[in-house]
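Student: Take this structure first; my questions come after.
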2 protein chains.
Amino acid sequence: MSIKQPYLMFLGDAPDQLAAKVASGVQMWRPDVCLGQYRLPGCQADLGLPDMTIAEAKAAGVETVVVGVANRGGVIPDSWRKSLVEAIEAGLDVASGLHTRLADIPEIAQAAADHGGALFDVRHPTRAFEVGHGERTPGKRLLTVGTDCSIGKMFTSLAIEKEMRARAMKVDFRATGQTGIFIVGDGVSVDAVVADFISGATEWLCPPNEPDHWDVIEGQGSLFHASFAGVSLGLLHGARADALVLCHEPTRTHMRGLPNHALPDLKAAIALNEQCGRLTNPDCRVVGVSVNTAALAEDQARACLDAVAAETGLPTVDAYRFGAGPLVDAL
Amino acid sequence: MSIKQPYLMFLGDAPDQLAAKVASGVQMWRPDVCLGQYRLPGCQADLGLPDMTIAEAKAAGVETVVVGVANRGGVIPDSWRKSLVEAIEAGLDVASGLHTRLADIPEIAQAAADHGGALFDVRHPTRAFEVGHGERTPGKRLLTVGTDCSIGKMFTSLAIEKEMRARAMKVDFRATGQTGIFIVGDGVSVDAVVADFISGATEWLCPPNEPDHWDVIEGQGSLFHASFAGVSLGLLHGARADALVLCHEPTRTHMRGLPNHALPDLKAAIALNEQCGRLTNPDCRVVGVSVNTAALAEDQARACLDAVAAETGLPTVDAYRFGAGPLVDAL
């Protein structure tokens, strides 16, 4: 992979701001690589970036048009194709996190063949992976895990990476989902690999490194999520993590998408992740908790963090809101 | 899916008996559906079945040619193609468990299009699955789990199914690997589905049923296998099993393919499988242990079963060698 930056964020005819969640996630963490936005008539999303034509984007130095918008079914509608073909004809690459492959749309594939533009379908691993070997390799690894899905694992990972960079530590954020992949331009969408290769793909993602180098690996799902726990366990084994950070959202009333499933107890979540993580790294331990307090006022948030710290006996932060310092201190 | 039986077992130019393991597994459990074998010059495997030409197989009532042979790389060599095309031209279907798809070989695909023959690539799920919902549905479910891979989970499942049928219980064996799929003509190769859909595919495999009907689900991998545990966990959650049977092989010195990984303690394996299984079925429990004693003389085998029973406090059998009665009694 390795998607060239900077980007033009393609928002299409997004019906609302939430549909542009991927684009806004990239912009939040890498504002410097988002030079502009491209919107079609009817688009209800706005990143606050300059609206650019393809020609303007090319002139501004854009390398890749990123389809940073979700829609029902994950398709690339006919109304988007003309613009994407125009981008390829102008010499830009195109990257998409939708289910439909760019390469499966004849006019887009043809334009790429004619003009040499690269197409990145980040949801679809094109590489072949080995099965996991389960052995430790040089370098340190931190993985974010969760009590549930969509709970702040990517944000926490990026906040930890940012803190480590500020301390001049050697660090790479390792992306396992589409937004993360756009942020760093590379990674593996682990929930899209064939089941036999989850841990092998994760091992590939965090190769041997210098002994004092940290891979901060974006977690996915939860060992306690009935739909996706297999992904989480393969990722945990493949990460061979020295350190885990447990991510949690205190106002959630049930597991995401599963109304009859309660969230796990924090201590149970810590224990099971450590137990399973030790299969491939006997030193694996949860070093802290990151609570997503976005739904709480600041005083409530602080009280919540104190309560979680008391319950778990671990450094507890909202890594995005208040910084990841105590988590990095705990390593 | 639903592969039509009976079968002609295609052994190609298998270099030894082990290469025909899939074919011999099918023959062992469903001798009545294996009418003959088809061998090319140089074939070193022999199932003891009548050697048949395609025409003889057709005349004998064969419906499907089963490629029941493994080779390095999982390819379908040129030397096999003429015979498979001849089978399709004769009006037979072809089923394969190899990595290479039958449908990707132009002359085979063309023959199937011309003659209406069905091609089954059982390693490649063609169906789209939903993500798992994690809810219990009517009917009883038993899943075999293991301390390791390739340890007798399919054999144990089939022995339990056989015992249940002998007792006139309502039962279906649910296949999750290629040999199992050939045995019953249907199933899902769960290690080949996209990671996000492991538990959803398993739920699809064991649909709602009569309250006293048992699905006996073939397990895969092990929660303690660093390469494949993600598959095992998704399968465990999707099975929503009322009963688990732990499978074990007492002479193994390390996890299969992982020379530095020891096998788990039996009690730890029981505890972790029950803990994780209860996420989708709070009544989930290990009802017994099935030990693969093939490497032991009968007196050693009996002593080993007694020792495992004492250690675990559970009914312990070699379900294949001595029958699955005590496991079914324990339900």
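Laboratory data are not the source of any read-out in this text; all were calculated from the coordinates shown. The structure displayed is predicted, hence computed values, not measured ones. Backbone-built Cβ (ideal geometry, glycine too); neighbour counts: all protein chains shown.
Student: Under a point-charge model restricted to the Cβ atoms of Lys and Arg (+1) and Asp and Glu (-1), what is the dipole moment magnitude of the range B:7-121 relative to its Cα centre, in debye to the nearest 20?
Tutor: On the way: 8 positive and 15 negative charges, 55 e Å.
Dipole about the Cα centre, nearest 20: 260 debye.
Student: What is the Å³ per residue value for the convex hull set by the Cα atoms of the range A:7-121?
Tutor: On the way: hull volume 10.1 nm³, N = 115.
Convex hull volume per residue, Cα atoms: 87 Å³.
Student: A further question on this structure: Would you please calculate the Kirkwood hydrodynamic radius of the protein assembly as shown over all C-alpha pairs and express it in Å, rounded to one decimal?
Tutor: Details: mean 1/r = 0.0374 Å⁻¹.
One decimal place: 26.7 Å for the Kirkwood radius.
Student: Give the order of A:Arg123, B:Arg302, A:Arg240 when sorted by the count of other beta carbons within 10 angstrom, beginning with the fewest.
Tutor: Numbers: A:Arg123 19, B:Arg302 14, A:Arg240 28.
By the 10 Å Cβ count, ascending: B:Arg302, A:Arg123, A:Arg240.
Student: By average Cβ neighbour count within 10 Å, what is the ranking of A:34-40, A:181-187, B:30-36 from highest down? Walk me through the numbers on the way to the answer.
Tutor: Details: A:34-40: 21.4, A:181-187: 23.9, B:30-36: 17.3.
The packing order, highest mean first, is A:181-187, A:34-40, B:30-36.
Student: So what is the orientation-averaged projected area of the range B:140-329, using the convex hull of its C-alpha atoms, in nm²?
Tutor: The number I arrive at for the range B:140-329 is 10.1 nm².
Student: Could you work out the mean count of beta carbons from other protein chains within 10 Å of each residue's beta carbon in B:189-202? Could the numbers behind the result be given before it?
Tutor: On the way: counts 2, 3, 5, 4, 4, 9, 19, 12, 7, 8, 7, 3, 1, 1.
Mean partner-chain Cβ count within 10 Å for B:189-202: 6.
Student: Residue by residue through the range B:160-177, which ³J(HN,Hα) values in whole Hz follow from phi under the Karplus form 6.51 cos²θ - 1.76 cosθ + 1.60 (θ = phi - 60°), with glycine and proline marked x?
Tutor: Once rounded to whole Hz, the list reads 5, 4, 4, 5, 5, 5, 4, 8, 6, 7, 7, 8, 10, 7, 10, 8, 10, x.
Student: Show the residues, 5+ positions off or on another chain, whose built amide H is closer than 5 Å to the amide H of A:Phe120.
Tutor: Residues meeting the amide H criterion: A:Val94, A:Ala95, A:Ser96.
Student: Roughly how many debye, to the nearest 20, is the charge dipole of the range A:140-329 about its Cα centre, given +1 on each Lys and Arg Cβ, -1 on each Asp and Glu Cβ, and no other charges?
Tutor: On the way: 16 positive and 23 negative charges, 6 e Å.
Charge dipole, the range A:140-329, about its Cα centre: 20 debye, nearest 20.
Student: Which value, in nm² and rounded to one decimal, describes the direction-averaged projected area of the C-alpha convex hull of chain A? Please list the in-between numbers first.
Tutor: Numbers: hull surface 67.0 nm².
The orientation-averaged projected area of the Cα hull of chain A comes to 16.8 nm².
Student: Return the single residue from A:Pro125, A:Pro207, A:Pro315 with maximal mean-square fluctuation; model: Gaussian network over chain A, springs between Cα atoms under 10 Å.
Tutor: Checking each option, the largest mean-square fluctuation is seen for A:Pro207.
Student: Computed FRET efficiency, Cβ-Cβ of A:Asn209 and B:Leu331, R0 51 Å: what is it to the nearest 0.05?
Tutor: Working from the Cβ atoms, E equals 0.50.
Student: So, one more: Shortest first, in nm, what separates the label point of A:Pro208 from those of the same position in the other copies (7 Å along Cα→Cβ)?
Tutor: Spacings between copies for this position, smallest first, are 5.5 nm.
Student: While we're looking at this one, here's another question. Assume the label is 7 Å from Cα along Cα to beta carbon: what separations in nm does A:Ser150 have to the matching positions in the other copies?
Tutor: Values, ascending and in nm: 4.1.
Student: Mind telling me which of A:Val85, A:Val65, A:Val94 comes out most flexible in a GNM of chain A, alpha-carbon contacts under 10 Å?
Tutor: A:Val85
Student: Next question, about the same structure. If you take each beta carbon of peptide A:219-227 and count the beta carbons of other chains within 10 angstrom, what is the mean? Walk me through the numbers on the way to the answer.
Tutor: On the way: counts 0, 2, 2, 0, 4, 3, 6, 14, 15.
Taking the mean over all residues of the peptide, I get 5.
Student: Within 10 Å of each Cβ in peptide A:131-140, how many partner chain Cβ atoms are there on average? Round it to a whole number, please.
Tutor: Mean partner shielding for this stretch: 4.
Student: Let me ask something else. Kindly write out, for the range A:209-214 in residue order, the coupling ³J(HN,Hα) from the Karplus curve 6.51 cos²θ - 1.76 cosθ + 1.60 (θ = phi - 60°), rounded to whole Hz, with x marking Gly and Pro.
Tutor: Running phi through 6.51 cos²θ - 1.76 cosθ + 1.60 with θ = phi - 60° gives 8, 5, x, 9, 8, 9 Hz.
Student: Using a 7 Å offset from Cα along the direction of the beta-carbon, what are the separations from A:Ala113 to the same position in each other copy, nm, ascending?
Tutor: 1.7
Student: Of A:Ile151, A:His133, A:His115, which is farthest on the positive side of the dipole of the range A:106-152, counting Cα position, with +1 on Lys and Arg Cβ, -1 on Asp and Glu Cβ, and the Cα centre as origin?
Tutor: A:His133
Student: Through the Karplus equation 6.51 cos²θ - 1.76 cosθ + 1.60, θ set to phi - 60°, convert the phi angles of the range B:183-189 into ³J(HN,Hα) values in whole Hz; use x for Gly and Pro.
Tutor: Listing the rounded values in order: 4, 9, x, 7, x, 9, 7 Hz.
Student: If I model a spin label as a point 7 Å beyond the Cα along the Cα-Cβ vector, how far apart are those points for A:Arg165 and A:Asp78 in nm?
Tutor: 4.3 nm
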